[in-house]
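S.K.: Take a look at this one; I'll ask things after.
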Amino acid sequence: MRIWRWPFVGLAIVGGLGAAFGFIVYVSNGIVAGSIIGLTGREHDIAIAQHRSVIGLLSGVLLQFGVAGALLGSMKREDDLSARILMAVLGSCVVTIVCGLAITLSLRALR
């Protein structure tokens with residue numbers, strides 16, 4: 001049975017957008033937590049920002065694995081497995097970086 005490749009590529013792009021957004025959430029909440037550390041009475045806000053930062057990192061990493069899996073599923077089965085895994089991991093990093101840049105540029109254009 002032959003499975004089309006385009007749904008895997010589309011899934012990789014959607015997962016890349018989610019992973020990029022997760023990493024952006026991770027960085028932004030880390031900046032927030034770092035800027036309010038040391039202020040009196042803000043311990044609850046620090047804990048919330050750190051928790052959201054950890055959740056953003058976890059979701060970004062899990063979605064990054066999903067992107068690599070989707071790219072691995074879209075490749076030909078005849079190729080060597082180690083080469084396919086390496087290409088999928090490197091491709092997932094490229095997809096996530098490009099999606100992150102697209103999110104950042106679109107947010108700047110709307111500002």
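Taken together, the values in this text are just the output of simple stated rules run on the coordinates, not laboratory data. A quick note: this is a predicted structure, and the numbers were derived from the prediction, not measured. All Cβ positions, even for glycine, are placed from backbone atoms using ideal geometry, and neighbour counts span all protein chains on display.
S.K.: Given the Cα-Cα distance of SER28 and ALA109 and 0.36 nm per residue of separation, how much length would full extension add, in nm?
M.R.: Value of the extension gain: 27.3 nm.
S.K.: Here is a follow-up. What residue among GLN64, ILE13, LEU110 has its Cα farthest toward the positive end of the dipole of region 7-110, where the charges are +1 on Lys, Arg and -1 on Asp, Glu, each on the Cβ?
M.R.: Looking along the dipole axis, the top candidate is LEU110.
S.K.: If you don't mind, there's one more thing I want to ask. Magnitude of the Cβ-charge dipole of the chain, K/R +1 and D/E -1, about the Cα centre, nearest 20 debye?
M.R.: It comes to approximately 300 debye.
S.K.: Another question about this same structure. Obtain the radius of gyration and the Kirkwood radius of region 7-110 from its C-alpha atoms and give Rg over Rh.
M.R.: Using only Cα positions, Rg/Rh for region 7-110 is 1.14.
S.K.: Same structure, new question: Note down the relative contact order for the chain as a percent, whole number, built from C-alpha pairs under 8 angstrom at least six residues apart.
M.R.: Computed value for the chain: 40 percent relative contact order.
S.K.: Let me ask you something else. Calculated FRET efficiency, CYS93 and ARG42, Cβ-Cβ r, R0 35 Å, to nearest 0.05?
M.R.: Efficiency for this residue pair is about 0.50.
S.K.: Hey, how many Å between the Cα centroid of region 72-111 and the Cα centroid of region 1-68?
M.R.: 16 Å
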